[in-house]
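The values are calculated or read from the model by the stated rules, or taken from the named source; none is laboratory data. Keep in mind it's a predicted model, so treat the numbers as computed, not measured. Reconstructed Cβ throughout: ideal geometry from the backbone, glycine too, with neighbour counts over all protein chains shown.
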Amino acid sequence: MDFDVLKEKWTEHDRKIDVSISLKRQFMRTSKMKRVQVPLLRFALFAGLGTLVGLIGLVILGQFIFEHWSEPRFALPAAVLDVWLIAHVAASSRIAAMALRIDYDKPVIVIQKQLDSLRVLRIRITQWALLTGQVVWWIPFLIVALKGFWNVDACKLFGAVLLQANVAAGLAIIPLAIWASRKFEDRLGGSPKIQWLMREVAGYNLNAAAGNLAKVFEFESETRDS
């Protein structure tokens, strides 16, 4: 066999091997990336369910406000709950959309930045929900629930002064908590317990996606090295 022909066949053989290796790596990357995609899809699904629950709550509150429009002691707490739920629906929709917009064909570093942004947003939303929720979901919810389910006037049952004092105390906690978190942010940020808490707040699915993405990064690093 002519040497040039042999060389050409050998080059073609090498090219086929390179293509085969490239396809195998691509397949393995896609397979590993699925383990990132599935938890994020679950995360988006749960966020979507949160949006749905919030919308149902808005419909119920809207009916309650309509029925008690002439009674401010009932309509105003319901309106406060309504505003909180609107914010909840908007936040849930946003994080669901962010999770669904992640492009898994992008480089791992790009996906990691998107995932970090999603995690930070989730934590901030949860923090604000807890700060405001301890005001909204105590007295206003109590007033609306007692009236809506049992036709009981909470102001007559507990006394208006007591209810107002609880609302004032809850409102006072919000700026105090914000001040404390900002003052001790650097010190608490290095605490293993606080880091564990932040991971828990981020949720199982986001943590699972982040862990699996780290494995994809390791795989690509080993592939480049080889």
Please go through region 121-155 and pick out each residue that is among the β-branched types (Val, Ile, Thr) and outside any helix (DSSP H, G or I). Val152
Which condition from (1) surrounded by 15 or more Cβ atoms within 10 Å (Cβ to Cβ); (2) hydrophobic (A, V, I, L, M, F, W, C); (3) out of contact with any Leu (no Cβ under 7 Å at 6 or more places or on another chain) is the one that Ile109 breaks? (1)
Against the conditions (1) of a type in the set (Ser, Thr, Tyr); (2) under 14 Å from the mean Cα position of the chain (by Cα); (3) not in a helix (DSSP H, G or I), where does Tyr104 fall short? Just the number, please. (2)
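Okay, residues lined up against (1) of a type outside the set (Val, Ile, Thr); (2) under 21 Å from Val144 (Cα atoms); (3) surrounded by fewer than 17 Cβ atoms within 10 Å (Cβ to Cβ); (4) in contact with a Cys (Cβ under 8 Å, 6 or more places away or on another chain):
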| position | (1), (2), (3), (4) |
| --- | --- |
| Thr30 | no, no, yes, no |
| Leu49 | yes, no, yes, no |
| Ile60 | no, yes, yes, no |
| Trp69 | yes, yes, yes, no |
| Pro72 | yes, yes, yes, no |
Given the residues Val38, Val59, which is the only one that is without any contact (Cβ under 8 Å) to a residue 40 or more places away in the chain, closer than 23 Å to Asp153 by Cα and in a helix (DSSP H, G or I)? Val59
Please verify whether Gln37 is of a type outside the set (Asp, Glu), modelled with pLDDT of 95 or more and farther than 18 Å from Ala129 by Cβ, treating the condition exactly as stated. no
Looking at this structure, is Asp103 among the acidic types (Asp, Glu), surrounded by 12 or more Cβ atoms within 10 Å (Cβ to Cβ) and modelled with pLDDT of 85 or more? no
Residue hits (region 60-116; over 30 Å from Gln37 (Cβ atoms) and of a type in the set (Phe, Trp, Tyr)) are Phe64, Phe66, Trp69, Phe74, Trp84
From the list Leu197, Leu163, Leu146, Leu188, which one is modelled with pLDDT under 80 and buried (at least 17 other Cβ atoms within 10 Å of the Cβ)? Leu163
Consider Val135 carefully, then state whether it is at pLDDT 75 or above, within 24 Å of the chain's Cα centre (by Cα), within 30 Å of Gly57 (Cβ to Cβ) and surrounded by 12 or more Cβ atoms within 10 Å (Cβ to Cβ). yes
Check Ser117, Ser93 and return the single one that is under 25 Å from Phe217 (Cβ atoms), among the polar types (S, T, N, Q) and without any contact (Cβ under 8 Å) to a residue 60 or more places away in the chain. Ser117
